[in-house]
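Contents: one structure, followed by commentary.
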Amino acid sequence: MSELFSQLPDFLKEHIHENRWDSFRGIQEETFRIVMTTDSDVIVTSETSGGKTEAAFIPALTSVYGDRPKGICILYVSPLKALINDQFGRLSTMLRKSEIPVTGWHGDVGSNVKDRMKDSPEGILQITPESLQALVSGDHNVVESMFPQLMFVIIDEMHAFMDSDRGLQLLCCLDRLERISGCSPRRIGLSATISDLDTAKDWIRAGRYTDVRTVIGKDRIDKNVAISVYRFPRSDAVEGSIPRKESISSYYRALYKVTDRNRCLLFTNSRETAEITARSLRAMNDRLNDDRKVLLHHGRLSHEMRRSTEEALNSPIGKVTVVSTSTLEMGMDVGEMDRIVQIDSPHGCSSLSQRMGRSGRRGGSQTLAILCREDEDRHLPEEVLGMNLIKSIAEVQLSVDEGWCEPPHMTVMPYGLLFHQTLEYMKESTGVMWKDLERDILSQYPFRNISREDYRELLRHMIDGRILHIMDDDTLLIGQEGERIVFGKDFHTVFRSLSEMEVRYNGERIGSLEGMPEQGDIVRIDGGLWIIRSVDIGGRYAEAEPADEGSVTGGRGLIPEVHPTVMRRMRKIIGSDDVDVRLTPSASKSLVSFREEYGRAVTSAFVEVNGLLRIHPWNGTRGFRTLKVMLDNMEDVKVVRSYEPYMIDVRTGLSPEQIRKGLERMLSLGPSKVIGHQIPDIRFGKFDRFVPENLLLKAYVYDHLDWNKRILPV
């Protein structure tokens, strides 16, 4: 043991002896030194299961143990309830002989636990941003009594907060907490997938004049990946071809085989796929009389079902396969996993790294199997179907081979959050002056780029909509409509609830959508385009009709973005002759076939297809959106359909060279002169519907487009 051990309180020494630690990891030694010898904030980044939690808590607990301050001394913030539940168990064990209590606080925790903490605040509080929002927006006397000498704020899975309104909401909450209670805690951020440390430093500093140190783990873990591909023929395939039912059965047999280990965690990209997959694996279990458990975990399940699955993951007894969405992607110790399985390409390199890191938790190698499905019944162009495999290869090369992940994109103009924080600030008041709002709200770090003029326009819009009421002396109160919003369900949550809605055609179910579509939206279901004709008042289902032409409008913002670096690597893979050694024979054959048939066309910026001009931007989701906005507003060009972020089909009499020149001219003019009669759906956030359209358009340009870069490849 190092010199660090001698500085620890006795309860931590006993814990280390009981768990038979023979040494500390490098990040734990370095973090301890920084926390104990400086006043700096700290960011700790290392591989998943690299000891980050202990790196943060060991020095924090050592600092507070000898002379514990009044109230809460350590605030731990997590993006997931499951992670709080997991860390609660780990910390309770670590603190067993310390007399430092730990309390979990989120939506599934009973009010009696929260009331006890308010009455006798002490020790460590583990909380989600939404619960923290509810706390700091309530009785200020309670906040003053709970946090007067708060010493540390530990933000777990920091990357999950950095490029979202939820993360900006967290920064607002911490700012409010410090102002109300007068505390000045140090911040420690933990993450396995931070690639832009300068941006991370700015985020955790959040406008405070503090030094931020970084601790980067050096340990490398062996990673094994296998990528397969399975093609499902169309239901109306020609006679003599492999029947669709047979190919789907073959896929599920392969999936059963690859998950038939003692312990397996299987990730999907949607709840619907998770449900179907779990149901199919259970049916195969029954047919084969297998005693393996197949369990589910996603955000729409009850608290009891999620906890039961989490307990099964941490139990060493019996064979278990857990089918999950992103709810088990981060942080939680899932024990010894024999294999991780991913259906279809992950949402990004960061997601791939997090999911793969669920295995190898005890120092062993990480094992991942990716199964790419190419379903011809989705009625997508062959080029788009093949992108599932190409994207998987690109993400594995970038993440596993090169250690790259997507840098965070910090929101510049969060007007929806500004609306929300204004109402949160006013909720407990009996009236607020304009100048006080501007001083206390606009001074917060998330709103540093929003002008006083824009804020006043938002406030006037809220007054016009009866969300706010203005008195004769210019005092602002929450109005009738504002009270309905503030006291409505889930007001403390700033992200959209992705509940699934059934979509029907002539009364028959054709699929489902995440989120709430609006009448007139054009949506893609299983590859086909549908226009929403009506939405049930109760939000249970929507009626739709086939749409022959048009670009997807409904559900925008719910599609995960693809970074330009991933797109460029995909294009390079298509144009290469190399075959990645991690591909199974069937996947290698599919890759070679795709290159031979579509490689030249799909890597070209322009190609004619059935009388239309197909454009391939190869510039990521934001570049794709920018190109589409330009084409929507270009004379003599009609966008017929688009497949984000891969290709756009247009009907035009212009030549490719004329289109290039037109795009260059538009870039030079700027978005304000280009976006005119064709304004896209720009209500991405939960509260965007309450923001003036011109402000939303400004936010759209800054936060969802990429106006300053080349739009098309050469």
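Scanning segment 165-199 for residues that are among the aliphatic types (A, V, I, L, M) and not in a helix (DSSP H, G or I), we see that the one that is surrounded by the most Cβ atoms within 10 Å (Cβ to Cβ) is 188. Kindly indicate the residue of segment 297-308 that is free of Cβ contacts under 8 Å to residues at least 40 places away in the same chain and more than 26 Å from residue 372 (Cβ to Cβ) and also least open to solvent (accessible area, probe 1.4 Å) among those meeting that condition. The residue in question is 301. In this entry, residue 469 is excluded by the filter for residues that are part of a helix (DSSP H, G or I) and either small (Gly, Ala, Ser) or surrounded by 15 or more Cβ atoms within 10 Å (Cβ to Cβ) (or both).
Within segment 428-438, restricting attention to residues that are of a type in the set (A, V, I, L, M) and open to solvent by less than 40 Å² (accessible area, probe 1.4 Å), which residue is farthest from residue 168 (Cα to Cα)? Taking the candidates together, the pick is 432. Taking segment 439-462 as the range and being outside any loop (DSSP other than H, G, I, E, B) and either without any contact (Cβ under 8 Å) to a residue 12 or more places away in the chain or surrounded by fewer than 15 Cβ atoms within 10 Å (Cβ to Cβ) (or both) as the test, the residues that pass are 439, 452, 453, 456, 460. Residues that are surrounded by fewer than 23 Cβ atoms within 10 Å (Cβ to Cβ), closer than 21 Å to residue 224 by Cβ and among the small types (Gly, Ala, Ser) within segment 312-352 comprise 335, 348, listed in sequence order. Scanning segment 69-93 for residues that are open to solvent by 30 Å² or more (accessible area, probe 1.4 Å) and out of contact with any Asp or Glu (no Cβ under 8 Å at 6 or more places or on another chain) gives 70, 88, 89, 92, 93.
Just one of the numbered conditions (1) open to solvent by less than 40 Å² (accessible area, probe 1.4 Å); (2) under 25 Å from residue 366 (Cβ atoms) is not true of residue 285: (2). Residue 247 meets all of the listed conditions (1) among the polar types (S, T, N, Q); (2) closer than 30 Å to residue 168 by Cβ; (3) surrounded by 17 or more Cβ atoms within 10 Å (Cβ to Cβ) but one, namely (2).
Taking residue 359, is it small (Gly, Ala, Ser), closer than 20 Å to residue 226 by Cβ and either open to solvent by 10 Å² or more (accessible area, probe 1.4 Å) or touching a strand residue (DSSP E or B) at 6+ places or on another chain (Cβ under 6 Å) (or both)? It is true that residue 359 is small (Gly, Ala, Ser), closer than 20 Å to residue 226 by Cβ and either open to solvent by 10 Å² or more (accessible area, probe 1.4 Å) or touching a strand residue (DSSP E or B) at 6+ places or on another chain (Cβ under 6 Å) (or both). Have a look at 400, 396 and point out the one that is of a type in the set (A, V, I, L, M, F, W, C), touching a residue at least 60 places away in the same chain (Cβ under 8 Å), open to solvent by 10 Å² or more (accessible area, probe 1.4 Å) and in a helix (DSSP H, G or I). The match here is 400. Scoring residue 494 on the criteria (1) open to solvent by less than 80 Å² (accessible area, probe 1.4 Å); (2) farther than 30 Å from residue 208 by Cβ; (3) in a loop (DSSP other than H, G, I, E, B) leaves a single failure, condition (2). Taking the conditions (1) open to solvent by 40 Å² or more (accessible area, probe 1.4 Å); (2) among the charged types (D, E, K, R); (3) touching a Gly at 6+ places or on another chain (Cβ under 8 Å); (4) within 26 Å of residue 227 (Cβ to Cβ) in turn, residue 291 satisfies each one other than (4). Whenever a residue of segment 506-521 is under 15 Å from residue 547 (Cα atoms), its partners that are at pLDDT below 70 and polar (S, T, N, Q), lying with C-beta atoms within less than 7 angstrom and at least six residues away or across chains, give the pairs 521/553.
I'd like to know if segment 94-116 contains one or more residues that are among the polar types (S, T, N, Q), open to solvent by less than 70 Å² (accessible area, probe 1.4 Å) and either without any contact (Cβ under 8 Å) to a residue 12 or more places away in the chain or under 26 Å from residue 160 (Cβ atoms) (or both). Write out each step before concluding.
Our first condition is that a residue be among the polar types (S, T, N, Q); within segment 94-116, this holds for 98, 103, 111-112.
Cutting the leftovers down to open to solvent by less than 70 Å² (accessible area, probe 1.4 Å) gives us 98, 103.
Of the ones still in play, those that are also either without any contact (Cβ under 8 Å) to a residue 12 or more places away in the chain or under 26 Å from residue 160 (Cβ atoms) (or both) are 103.
Yes, segment 94-116 contains a residue that is among the polar types (S, T, N, Q), open to solvent by less than 70 Å² (accessible area, probe 1.4 Å) and either without any contact (Cβ under 8 Å) to a residue 12 or more places away in the chain or under 26 Å from residue 160 (Cβ atoms) (or both).
The residues listed here are 216, 204, 276, 227; of these, the one that is in contact with a strand residue (DSSP E or B) (Cβ under 9 Å, 6 or more places away or on another chain) and surrounded by fewer than 17 Cβ atoms within 10 Å (Cβ to Cβ) is 216. Only one entry in 406, 382 is among the charged types (D, E, K, R), modelled with pLDDT under 95, in contact with a helix residue (DSSP H, G or I) (Cβ under 7 Å, 6 or more places away or on another chain) and within 23 Å of residue 199 (Cβ to Cβ), namely 406. Hey, could you check segment 650-669 for residues that are out of contact with any strand residue (DSSP E or B) (no Cβ under 9 Å at 6 or more places or on another chain) and of a type in the set (A, V, I, L, M) and say which is least open to solvent (accessible area, probe 1.4 Å)? The qualifying residue least open to solvent (accessible area, probe 1.4 Å) is 663. Assessment of segment 46-56 against the conditions (under 27 Å from residue 122 (Cβ atoms), touching a residue at least 60 places away in the same chain (Cβ under 8 Å) and basic (Lys, Arg)) yields at least one matching residue. Quick one: would you say residue 414 is surrounded by 21 or more Cβ atoms within 10 Å (Cβ to Cβ) and either out of contact with any Pro (no Cβ under 7 Å at 6 or more places or on another chain) or at pLDDT 95 or above (or both)? Against the criterion (surrounded by 21 or more Cβ atoms within 10 Å (Cβ to Cβ) and either out of contact with any Pro (no Cβ under 7 Å at 6 or more places or on another chain) or at pLDDT 95 or above (or both)), residue 414 qualifies.
When the test is whether a residue is within 29 Å of the chain's Cα centre (by Cα), closer than 19 Å to residue 380 by Cβ and either of a type in the set (A, V, I, L, M) or open to solvent by less than 30 Å² (accessible area, probe 1.4 Å) (or both), residue 647 passes it.
Tell me, which residue of segment 129-164 that is among the hydroxyl-bearing types (Ser, Thr, Tyr) and open to solvent by 10 Å² or more (accessible area, probe 1.4 Å) is modelled with the lowest pLDDT? Checked segment 129-164; the qualifying residue modelled with the lowest pLDDT is 164.
The values are calculated or read from the model by the stated rules, or taken from the named source; none is laboratory data. Quick caveat, the model's predicted, so the values are computed rather than measured. When we count neighbours, we look across all protein chains shown, and the Cβ atoms used for this are built from the backbone with ideal geometry, even at glycine. Heads up: the accessible areas ignore ligands, DNA and RNA and are worked out on the full protein's heavy atoms, side chains in. Shrake-Rupley method; radii C 1.70, N 1.55, O 1.52, S 1.80 Å.
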